[in-house]
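Below is one structure, written out as structure tokens; comments come after it.
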Amino acid sequence: MAGASAALASLAPHRLFAADAAAGLKSLTADVVPIGRSEFLARIDKARALMGQHGIGALLIEPGASLVYFTGVQWWRSERLTAAVIPREGDVAIVTPHFEEPSVRESLRVPAEVRVWNEDEDPLVTVAGVLRDRKVTAAVAVEETVRFFAVDALRRAVPGVGVINGAPDVRGCRMVKSPSELALMQKASDITIAAYRHVAPRIKAGMSNRDVGAMIDAAHAALGASPEFALVLLGEASAYPHGSGKPQVVREGEVVLMDCGCSVEGYQSDVSRTFVYGAATAEQRRVWQQMRDGQQVAIDTARVGVPAAHVDDAVRAQYEKWGYGPGYKLPGLPHRTGHGIGLDGHEPVNLVHGETTALAPGMCFSDEPGIYLPGKFGIRLEDCFHMGPEKPIWFSTPPSSLDKPFD
């Protein structure tokens with residue numbers, strides 16, 4: 001026992017807090033249903049239909065959320081190209097280094113040829129071979145995050161075949177979530193709320209932002225999810241949307257802002273809660289309520305067919321009436337009202353001024369019109385929603401008051 005106590009004592013404090021936060025929690029993911037093969041195939045069919053509409057012969061995708069979305073392949077980007085080629089007609093192909101083939105096949109969820117290249121070969125020549133064999137003569141679209149070296153080499157490898165932006169095709173598939181995707185996002189959101197409710201009573205004066213973040217991560221893992229991020233901003237650091245590198249500890253009467261998320265089968269949550277440790281001032285209460293009201297303005301404006309920009313514009317108009325801004329100026333709201341979310345924590349499109357995309361059923365967004373007072377504090381509440389047949393449906397319900405931030 002003495003040895004065990006000594007070992008625990010040698011751990012960093014945040015690890016001890018994390019161990020305590022995980023104690024007694026049970027997984028909430030036993031009922032999770034992963035995306036099935038039929039849905040993967042339907043996604044490819046939809047991409048091909050969009051290719052036909054846009055005059056595209058094939059789509060090239062590098063590792064990341066879009067590769068997972070269309071093929072299930074979970075891989076990483078490096079100087080050694082791994083990519084999927086989805087032709088409008090013919091078999092899907094995965095191009096990868098020969099020594100990576102067995103590993104890449106482990107997560108492949110659709111019928112596909114795996115075509116390999118060796119270290120002394122140009123992988124884009126291999127891609128060009130796939131395109132030639134599929135008789136692709138129309139433009140090749142590249143997913144918008146594909147790196148320039150791949151695009152540049154592809155242009156040289158397929159002279160005479162145009163290389164264009166594939167965003168319309170990829171976004172046309174990924175922006176609208178299926179019922180299966182929405183269920184996974186709901187589970188991730190439920191787990192983040194459960195993590196908050198479990199951790200909040202364990203937050204004590206003197207804890208660092210790292211201590212609190214470690215507790216959230218541990219709770220997410222114990223509840224059966226994959227921790228994605230735990231941004232904890234204390235005191236003045238909360239006045240800066242992504243925080244400060246200065247030391248931060250929980251203090252009586254100061255703001256605690258937590259922006260945290262997890263993933264379930266790759267689908268992410270993103271929930272923010274702000275409260276005051278101890279007694280809140282009148283100013284803190286006023287700004288908290290204004291921000292909560294701003295969140296409500298956003299959800300009341302979001303309706304099917306409404307341009308995404310209108311949601312952001314409506315919030316900013318209300319904030320200006322209260323003396324914030326104008327526009328993106330501080331004190332006030334310096335960032336967009338919300339972002340798209342799904343397999344990526346941030347994905348197109350955004351609730352931001354100038355965005356003309358119309359809201360449609362199945363689109364998913366965050367609602368987080370924070371208010372920040374530089375040198376003092378900031379308030380951010382963030383809840384995500386998906387568009388129903390006519391209006392939004394919350395993944396997590398916003399809190400009712402500063403005194404009940406996790407209800």
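The values are calculated or read from the model by the stated rules, or taken from the named source; none is laboratory data. Remember, it's a predicted structure, so these values are computed and weren't measured experimentally. Note: ideal-geometry Cβ built from the backbone for every residue, glycine included; neighbour counts use all protein chains shown.
Details
- Scanning region 336-374 for residues that are over 20 Å from residue 269 (Cβ atoms) and either not in a loop (DSSP other than H, G, I, E, B) or not small (Gly, Ala, Ser) (or both) gives 352, 353, 355, 356, 357, 358, 359, 361, 371, 372, 373, 374.
- Matching helices (runs of 4 or more DSSP H) fully within region 99-158 where at least 1 residues are surrounded by 21 or more Cβ atoms within 10 Å (Cβ to Cβ), in the same structural domain as residue 59 (by TED's automatic domain parsing) and touching a residue at least 40 places away in the same chain (Cβ under 8 Å): 123-133, 148-157
- Search result, residues across region 297-333 that are of a type in the set (Phe, Trp, Tyr) and crowded, with 18+ Cβ neighbours inside 10 Å: 319, 324
- Looking only at region 295-325, and only at residues there that are in contact with a Lys or Arg (Cβ under 9 Å, 6 or more places away or on another chain) and touching a residue at least 40 places away in the same chain (Cβ under 8 Å), the one that is farthest from residue 193 (Cα to Cα): 324
- Every listed requirement among (1) within 23 Å of the chain's Cα centre (by Cα); (2) within 26 Å of residue 276 (Cβ to Cβ); (3) charged (D, E, K, R) is met by residue 376 save one, (1).
- Test: residue in region 263-279 that is farther than 30 Å from residue 199 by Cβ and out of contact with any Lys or Arg (no Cβ under 7 Å at 6 or more places or on another chain): no
- Residue in region 43-57 that is assigned to a loop (DSSP other than H, G, I, E, B), closer than 23 Å to residue 153 by Cα and in contact with a Leu (Cβ under 8 Å, 6 or more places away or on another chain) present: no
- Only residues that are touching a helix residue (DSSP H, G or I) at 6+ places or on another chain (Cβ under 8 Å), within 23 Å of residue 69 (Cα to Cα) and surrounded by fewer than 22 Cβ atoms within 10 Å (Cβ to Cβ) were counted in region 360-385, giving 1.
- The number of residues in region 81-98 that are surrounded by fewer than 16 Cβ atoms within 10 Å (Cβ to Cβ) and in a loop (DSSP other than H, G, I, E, B) comes to 2.
- Answer from 37, 48, 109 - the residue that is among the charged types (D, E, K, R) and over 16 Å from residue 266 (Cα atoms): 48
- Region 270-282, subset in contact (Cβ under 8 Å) with a residue 24 or more places away in the chain and not in a strand (DSSP E or B), residue surrounded by the fewest Cβ atoms within 10 Å (Cβ to Cβ): 279
- Scan of region 78-98 for residues that are free of Cβ contacts under 8 Å to residues at least 40 places away in the same chain and over 23 Å from residue 44 (Cβ atoms), ordered by number: 78, 79, 97, 98
- Among the residues making up region 69-85, those that are closer than 16 Å to residue 167 by Cα and under 18 Å from the mean Cα position of the chain (by Cα) are 69, 70.
- In region 133-148, the residue that is farthest from residue 61 (Cα to Cα) out of those that are under 24 Å from the mean Cα position of the chain (by Cα) and of a type in the set (Val, Ile, Thr) is 145.
- The requirement of being under 14 Å from residue 174 (Cβ atoms), among the aliphatic types (A, V, I, L, M) and at pLDDT 95 or above is fulfilled nowhere in region 331-338; no residue meets it.
- Residues in region 98-117 include none that are closer than 20 Å to residue 166 by Cα and either modelled with pLDDT under 95 or not hydrophobic (A, V, I, L, M, F, W, C) (or both).
- Strands (runs of 3 or more DSSP E) lying entirely in region 163-269 (those with 1 or more residues that are of a type in the set (Val, Ile, Thr), closer than 16 Å to residue 18 by Cβ and at pLDDT 95 or above): 226-234
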